[in-house]
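Colleague: Quick one: the structure is below, questions incoming.
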Amino acid sequence: MITGLQAFFLVNALITLFAAVKVVSSRKLVHAALWLVLALMGVAATFAMLGSRFFSVIQVFVYIGAIATLIIVAVMLTRNSMEDVGPQVNRGWWLPLVVVVLLFVGLVVVLSGWGDFGLSTRTVGAEGENVMELGKALVDPNGFVLPFEIASALLLGAMVAAIYLATDRKEGKR
Amino acid sequence: MLDDWLYLGIFTVISLFLPAAAITIAALLSPKKPDPLKTSIYECGMETVGETWIQFKPQYYVYALVYLVFDVETIFLYPWAVAYNQVGLFAVVEALLFIAILLGGLLYAWRKGALEWA
């Protein structure tokens, strides 16, 4: 009645959700960052279950390999907020919970009216061809060549801005 | 297709099991006779000086950030490289332009001395 894939999905979803809750409830910032890695790993496993190798690898490569590292490095830069002594919740904590539950139920109700709601995953052709199609579309003048080049400029802007903010301007006059 | 992932899953389980087994067996077998000197904090055989949580140099952050940017660049270039044989010269010029724009960022980091360990 329940296949191995479904069982794996449930276990993976539980681990991901648990890790995500621990990210916001951990008192130590380093622990929160490491829980974030586990949550992102769960998302990568979800992509893998959907049969999307490319996105799964991106998830590990960019989110865990680079962004989580960046967060851990940023935690190492902060001095005083290593361990939060105050309570993690305030008096109105139940209000967002109600809103979130209502939003989730609303989304499920709206989406269940959609015809393909009960559809299980389907294979979208061989994966290697998918990446090739993506590559073709990225450089196709009728496709996504403009976003492709703008992404480059966006990365350049992010890099220049972050270096400008991070370098010490008082001593290094260049 | 999912069979490939099964190998990865087996690999993950084994790679989680081995260190866990090493730590657990060591914890079970080791004799425990703690005294204040044994349980004191040390670093590479030395006693620690000052607080453990120190502020790291911002240089680490710049390195991680430059790494992140070029990581994303690699992701963008990978589909292009897969389709390389099927797209024309125009696509090669586009990719070179993509790399050249980001090279400007590297030059900026270089000029600002962000790559030097001060």
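The values are calculated or read from the model by the stated rules, or taken from the named source; none is laboratory data. What you see is a predicted model; the values in this text were computed from it and never measured. We place every Cβ from the backbone using ideal geometry, glycine too, and count neighbours over all the protein chains shown. Each accessible area value is taken on the protein alone, full model and side chains, heavy atoms only, with ligands, DNA and RNA left out. Shrake-Rupley method; radii C 1.70, N 1.55, O 1.52, S 1.80 Å.
Colleague: Sort the stretch A:1-80 into rounded, prolate or oblate with this rule: let a ≥ b ≥ c be the square roots of the eigenvalues of the Cα gyration tensor; rounded if a/c is under 1.5, and if a/c is not under 1.5, prolate when a/b is larger than b/c, oblate otherwise.
Modeller: Values: a/c = 5.62, a/b = 1.68, b/c = 3.34.
Oblate, because a/c is 1.5 or more while a/b does not exceed b/c.
Colleague: By the gyration tensor of its Cα atoms, with a ≥ b ≥ c the square roots of the eigenvalues, what is the shape of chain B: rounded for a/c under 1.5, prolate for a/b over b/c, or oblate?
Modeller: Working: a/c = 6.80, a/b = 1.53, b/c = 4.43.
Oblate is the answer for chain B, as a/c is 1.5 or above yet b/c matches or exceeds a/b.
Colleague: Moving on. What shape does the stretch B:58-112 have by the C-alpha gyration tensor, where a ≥ b ≥ c are the square roots of the eigenvalues, rounded means a/c under 1.5, and otherwise prolate means a/b greater than b/c and oblate the rest? Don't skip to the answer; put the middle values down first.
Modeller: On the way: a/c = 6.26, a/b = 2.07, b/c = 3.02.
Because a/c hits 1.5 or more and a/b fails to exceed b/c, the stretch B:58-112 counts as oblate.
Colleague: Counting protein heavy atoms only and a 1.4 angstrom probe, how many square angstrom of accessible surface do chains B and A bury in total, to the nearest 100? Can you show the working numbers first?
Modeller: Details: alone 11270 and 14280 Å², together 20930 Å².
In total, this chain pair buries about 4600 Å².
Colleague: Can you send over the solvent-accessible area of A:ARG53, 1.4 Å probe, protein chains only, in Å² to the nearest 10?
Modeller: In the full protein context, A:ARG53 sits at about 80 Å².
Colleague: Express in Å², to the nearest 10, the accessible area of A:MET49 obtained by rolling a 1.4 Å probe over the protein heavy atoms while all chains stay in place.
Modeller: Number for this one is 30 Å².
Colleague: Can you give the calculated 222 nm mean residue ellipticity of the protein assembly as shown, where each DSSP H run of n ≥ 4 adds -39,500 (n - 2.57) and the sum is split over every residue, rounded to the nearest 500 deg cm²/dmol? Intermediate results must be reported in sequence, preceding the final value.
Modeller: Numbers: 10 runs with 188 residues, N = 292.
Rounded to the nearest 500, the figure is -22000 deg cm²/dmol.
Colleague: What size of dipole, in debye to the nearest 20, comes out for chain B about its Cα centre when the only charges are +1 on Lys and Arg C-beta atoms and -1 on Asp and Glu C-beta atoms? Display every interim value, and only then the final one.
Modeller: Details: 6 positive and 10 negative charges, 64 e Å.
In total the dipole reaches around 300 debye.
Colleague: Okay, moving on. Using a 1.4 angstrom probe with every protein chain in place, what is the largest-first accessible-area order of B:TYR108, B:TYR42, B:TYR63, B:TYR78?
Modeller: Details: B:TYR108 65, B:TYR42 155, B:TYR63 90, B:TYR78 115 Å².
My answer, sorted largest first, is B:TYR42, B:TYR78, B:TYR63, B:TYR108.
Colleague: What's the carbon and sulfur percent of the protein assembly as shown's accessible surface, probe 1.4 angstrom, rounded to a whole number?
Modeller: Values: 15080 of 20930 Å².
Carbon and sulfur atoms account for 72 percent of the accessible area of the protein assembly as shown.
Colleague: Give me the distance in nm between label points sitting 7 Å out from Cα along the Cα-to-Cβ direction at B:THR48 and A:ALA137, one decimal.
Modeller: 5.1 nm
Colleague: Also, I was wondering about something else. For B:ASP71, B:ASP4, A:ASP140, what's the largest-to-smallest order of accessible area, 1.4 Å probe? Let's see the in-between values first.
Modeller: Values: B:ASP71 5, B:ASP4 80, A:ASP140 60 Å².
The ranking, largest first, comes out as B:ASP4, A:ASP140, B:ASP71.
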